[in-house]
1. Any chance you could get the radius of gyration and Dmax over the Cα atoms of the range 104-219, in Å?
2. So if I restrict to the alpha-carbon atoms in the chain, what is the Rg, and what is Dmax, the biggest pairwise distance, in Å?
3. Calculate, for the chain, the solvent-accessible area per residue in square angstrom, rolling a 1.4 angstrom probe over the heavy atoms of the protein chains.
4. Loop only by DSSP, 11 or fewer other Cβ within 10 Å of the Cβ. Give me the trypsin sites (Lys or Arg not before Pro) in the range 34-119 that pass, ordered by residue number.
5. Residue 99 to residue 185: extension gain in nm, 0.36 nm per residue of separation minus the Cα-Cα distance?
6. Report the longest stretch of the chain that contains none of the GluC sites (Glu not before Pro) sitting in a DSSP loop with at most 13 other Cβ atoms within 10 Å.
7. For residue 150 and residue 198, compute 0.36 nm times the residue count separating them, minus their Cα-Cα distance, and round to one decimal in nm.
8. Checking the a/c ratio against 1.5 first, then a/b against b/c, what shape does the Cα gyration tensor give for the range 19-135?
Amino acid sequence: MTPKAIVENSLEKGLDIIAVCDHNSAENVEATIRIGLKKGIKVLPGLEICSREEVHSLAIFESAGQALQMQEIVYDHLKGTNRPEFFGDQVVANEFDEVEGFNDHLLIGASGLGLIDIIDNVHKLGGISIASHVDRPSFSIISQLGFIPKDLPLDGIEISQISKINEISAMTELPVMTFSDAHFIKDIGRVHTKFHVEAASFDEIRRALKGESGRKIGV
C-alpha cells in the first residue's frame, strides 16, 4: 500500500477521486497527493481516527495542511509507542515509494478523544466527518453505542457492504455511502460510491453530501 501503488491501482479501477485515511495518522498523504497530481487522479487527505469509545470515523480535508493539523490533535491524545516486532513497521514513504522514515506512535490504539470532540475538531479545521463502516461488528458507531445518535453533527455514514444500505438508511437521515476501506492493493475499488458532481474536488463532494444545486450521491 505505497503511495505510487495506491494511485496506479486506483486509476486501473477507473476511480476519479480517492481519500487516503491511515489509522490515526496523515503522514503519507502528501506523497500520495503528489503522485496523484502527476498521474491524474484527485487525492483527498484524511485520517481514520479511533475515538475514546473505540469508534472509527473518517476525517477528510481539502488540504494536506488541514489533515496534518488534525493529526497533531490526535497525536496529543494518543498514548504508547509502536512495537514493530508485534505490530509491524509504520512506514513513511515518498512519491517514489522510497522509505523516508518510520512512525513511532502506537497508531493501532484508540485516541483519548471522544467522538464528539473528533467531529468538532474536524469541522473547525474545515473538514468532513463520516462514521466508518457502521455495519461492522467492531469499531463502529453501532457496535459501540448501539445506534446512531441524531444529535451527532456527522456529514455522512459509511458502510462496508452494499447489501446493508437499506437497513442503515432506515436508521439515519444522513447520506449513506460505501467505500472500499482498502488495507490491501487488491481491495482498492472493490466497492465505491458515485458522486454526481461537476468536478472531482473536495468542495464538490461536500456539496453532494448536502444535496446542493443538483449534486447528489448514488451508491
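1. When restricted to Cα atoms, the range 104-219 yields Rg and Dmax of 14.7, 45 Å.
2. Over the chain's Cα set, Rg and Dmax evaluate to 16.5, 52 Å.
3. Details: 10830 Å² over 219 residues.
Computed with neighbouring chains in place, this is 49 Å² per residue.
4. Working: sites: 34, 38, 39, 42, 52, 79; in loops: 52, 79.
Filter output for the range 34-119: 79.
5. Numbers: separation 86, 0.36 × 86 = 30.96 nm, distance 1.81 nm.
Full-extension gain reported as 29.2 nm.
6. Result for the longest clean stretch: 1-97.
7. On the way: separation 48, 0.36 × 48 = 17.28 nm, distance 3.02 nm.
Extra length from residue 150 to residue 198 when fully extended: 14.3 nm.
8. On the way: a/c = 1.91, a/b = 1.13, b/c = 1.69.
Oblate is the answer for the range 19-135, as a/c is 1.5 or above yet b/c matches or exceeds a/b.
The values are calculated or read from the model by the stated rules, or taken from the named source; none is laboratory data. All figures in this text were calculated on a predicted structure; none of them were measured in a lab. Heads up, the Cβs are rebuilt from the backbone with ideal geometry, glycines too, and the neighbour counts pull from every protein chain shown. Keep in mind that these areas ignore ligands, DNA and RNA; they rest on the heavy atoms of the full protein, side chains included. Shrake-Rupley method; radii C 1.70, N 1.55, O 1.52, S 1.80 Å.
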